[in-house]
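Notes to accompany the following structure.
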Amino acid sequence: MGIRAGLPAWLAAEALAAGTLVRVFEEPRPFGFALHVIRARSRYLPLKTRVVIDWLAEHLPPLLATD
């Protein structure tokens, strides 16, 4: 019997591709989760904050994808 672990797909992707790990659960979103940005409520949003939020929105979904 091998060791079992629940890992985010992005963390295990390289080992899955290499065959050193095998997927046990074939769920649409194994161990998936929602991700939210939380900031102070204000009418003014600094440009640097908007840039970071936009960058995260663009780059995180592919990293967190389960396929």
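Assuming R0 = 30 Å, can you tell me the calculated FRET efficiency for the pair Trp55 and Leu21, based on Cβ-Cβ distance, to the nearest 0.05? In this case the efficiency is close to 0.55. A 1.4 Å probe, protein heavy atoms only, puts the accessible area of Val37 near 90 Å². Accessible area per residue (1.4 Å probe, heavy atoms of protein chains only) ranks Glu14, Glu58 as Glu14, Glu58, with the largest value leading.
Here's how it looks for Leu21: its modeled amide H is under 5 Å from those of Leu16, which are all 5 or more places away or on a different chain.
The values are calculated or read from the model by the stated rules, or taken from the named source; none is laboratory data. Computed from a predicted structure; not experimentally measured. FYI the Cβ positions are ideal-geometry reconstructions off the backbone, even for glycines, and counts take in every protein chain you see. Note: areas computed on protein heavy atoms with side chains; ligands, DNA, RNA excluded. Shrake-Rupley method; radii C 1.70, N 1.55, O 1.52, S 1.80 Å.
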